[in-house]
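Trainee: Structure below; questions to follow.
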Amino acid sequence: MSFDLALRGVNLPTGETGVDIGVKDGLIAEIGHQLGPAAQDIDAAGRLATTPFVDAHFHLDATLSLGMNGERNESGTLAEGIALWGRMAPGITAENYRERAMRYCDIAVSQGLLAIRTHVDVTDRELLAARTLAEVKREVVPYLDLQLVAFPQMGFFCREDMADSIREALAFGVDVVGGAPHLERTAELGRASITALCEIAAEAGAMVDMHCDENDDPQSRHIEALTYETQRFGLQGRVVGSHLTSMHSMDNAYAARLIRLMAEAEMQVVVNPAVNMHLQGRYDDYPKRRGLARVPELLAAGCRVAFAQDCVLDPWYPLGRADLLDITWLAAHACHLTDTTGLAASFDAVTRAPAELMGLDHFGLRPSASADLVVLAAADPLEAIRLRPARTHVIRRGVVIAETPAARSALSLPNRPSALNPAVDFKISGA
Ligand SMILES: [Zn+2]
């Protein structure tokens, strides 16, 4: 067979080395050694090729808006971020939503990030952000899979007809039912919102992804109710608990029981290490809590866990650069996942796990999967996490859509090499 494109001599996340990937008609045609000719060859000898990075939790409606209305979040709290967004959002135009979202997608592509699940605020009755992002979703689909979550940022009960709005959003292109039970006015209303939202999802055949227990309060236990309703409505494997930061502060015995129930309900978890550590612990003296869900325990119980970006340059978070390797590097440290298995799981949590969580079955390193691939200036997943190197080639449906040269420093030192290549020169002596 003659291929349209072939990656030559790559390493795979499984540990296989020196492999060729042959691409034909936008699909992976063959993976093997010394494959036949191709119209285009990419010599990637010794470099890691992987399925794309996938961000399972983001806010595209708010991104790149930092300081847009002259205000910034000075306290670093979730509450100030929400208040700031509440003042900013009503003045944002469709064109402004579109321009920022499109620009972020450009940056994402350059980082090998080819799928994003974004929550979209549906507080306004006109659903301007959701309608605009539904158009953006259709516009970017040739190069990026966008999934939209109807997110009642100010609460499901902030207005009486929110259920109608969420159904309306699902009808015009929003994919997933969102929520934020811990932000309702009372715990009882939070509980009621979970039931109402799961009911909407069940009747629409939609997935559910709720911001849940995003605080340091060990008594914030909405994930328990979400887990229960997941089973009651038969939504197993289709529900995500995002953030779950209160798990960090829960009593160990309660957490152990909760995790068993979550695994039983096939609850999926998205942790946002950068934003969680930034926003949580803000009311603590020392020691300050990290505010992260119990990732090693959730993984050990068999729950699917993804690491996500959440925010970049918005009312909640002043940093970020659409790099899921930054995110997993942080998570590996903060969750004590720095052993061999933990680092492999961390790489998985920004590639395979979020793709499965979003139902992106077309991604995969196998024949007949979509030829959506990323080549990195690193030899293996561990080195990729450690160096967070350039994505030298980003490939969508068999076409190279972004290229970034590997970093190289020129040195002017007496009797020393004239150049330094981080992927090569950090190698352990004798390894
Ligand atoms: Zn979020």
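Coordinate-derived values only; no laboratory data. Predicted, not measured: the structure shown is a model, and the values here were computed from it. When we count neighbours, we look across all protein chains shown, and the Cβ atoms used for this are built from the backbone with ideal geometry, even at glycine.
Trainee: Within region 11-24, can one find any residue that is over 27 Å from the mean Cα position of the chain (by Cα), among the β-branched types (V, I, T) and either surrounded by fewer than 16 Cβ atoms within 10 Å (Cβ to Cβ) or farther than 19 Å from P389 by Cβ (or both)?
Mentor: Within region 11-24, one or more residues are over 27 Å from the mean Cα position of the chain (by Cα), among the β-branched types (V, I, T) and either surrounded by fewer than 16 Cβ atoms within 10 Å (Cβ to Cβ) or farther than 19 Å from P389 by Cβ (or both).
Trainee: Residues that are within 16 Å of the ligand (Cβ to nearest atom) and in contact with a Leu (Cβ under 9 Å, 6 or more places away or on another chain), at least 1 per element: which helices (runs of 4 or more DSSP H) completely within region 266-341 meet that?
Mentor: The helices (runs of 4 or more DSSP H) meeting that bar are 273-279, 324-334.
Trainee: Please go through region 75-122 and give me each residue that is in contact with a helix residue (DSSP H, G or I) (Cβ under 7 Å, 6 or more places away or on another chain) and surrounded by fewer than 20 Cβ atoms within 10 Å (Cβ to Cβ), ordered by number.
Mentor: G76, T77, A94, R98, M102
Trainee: Got a sec? Which strands (runs of 3 or more DSSP E) wholly within region 1-66 have at least 3 residues that are free of Cβ contacts under 8 Å to residues at least 40 places away in the same chain?
Mentor: 3-10, 19-24, 38-43
Trainee: Quick check on my filter: what residues within region 137-151 are out of contact with any Asp or Glu (no Cβ under 8 Å at 6 or more places or on another chain) and either surrounded by 23 or more Cβ atoms within 10 Å (Cβ to Cβ) or of a type outside the set (A, V, I, L, M) (or both)?
Mentor: K137, R138, E139, P142, Y143, D145, L146, A150
Trainee: Considering only region 214-242, state which residues are touching a residue at least 60 places away in the same chain (Cβ under 8 Å) and within 21 Å of R185 (Cα to Cα).
Mentor: Scanning region 214-242 gives E214, N215, D216, S242.
Trainee: Here's something else I'd like to know. For the structure I just gave you, tell me whether A225 is surrounded by fewer than 21 Cβ atoms within 10 Å (Cβ to Cβ) and hydrophobic (A, V, I, L, M, F, W, C).
Mentor: Taking the combined requirement at face value, the residue satisfies it.
Trainee: Sticking with this structure for a sec: If only one of T328, T245 is β-branched (V, I, T), crowded, with 21+ Cβ neighbours inside 10 Å and under 18 Å from S75 (Cβ atoms), which one is it?
Mentor: T245
Trainee: Here is a check on your reading of the model: is H182 within 16 Å of the ligand (Cβ to nearest atom) and not in a helix (DSSP H, G or I)?
Mentor: no
Trainee: Does any residue in region 401-413 that is touching a residue at least 60 places away in the same chain (Cβ under 8 Å) come within less than 6 Å, Cβ to Cβ, of a residue that is in a loop (DSSP other than H, G, I, E, B) and hydroxyl-bearing (S, T, Y) six or more places away or on a different chain, and which pairs are these?
Mentor: I401/Y143
Trainee: So, one more: All but one of (1) without any contact (Cβ under 8 Å) to a residue 60 or more places away in the chain; (2) in a loop (DSSP other than H, G, I, E, B) hold for M262; state the number of the condition that does not hold.
Mentor: (2)
Trainee: Anything in region 154-172 that is touching a residue at least 40 places away in the same chain (Cβ under 8 Å) and either in contact with a Lys or Arg (Cβ under 9 Å, 6 or more places away or on another chain) or of a type in the set (F, W, Y) (or both)? List them, or say none.
Mentor: Within region 154-172, F156, S165, A169, F172 qualify.
Trainee: Right, something else. Limited to region 240-253, what total is found for residues that are part of a strand (DSSP E or B) and more than 16 Å from the ligand (Cβ to nearest atom)?
Mentor: Summing the residues that are part of a strand (DSSP E or B) and more than 16 Å from the ligand (Cβ to nearest atom) in region 240-253 gives 0.
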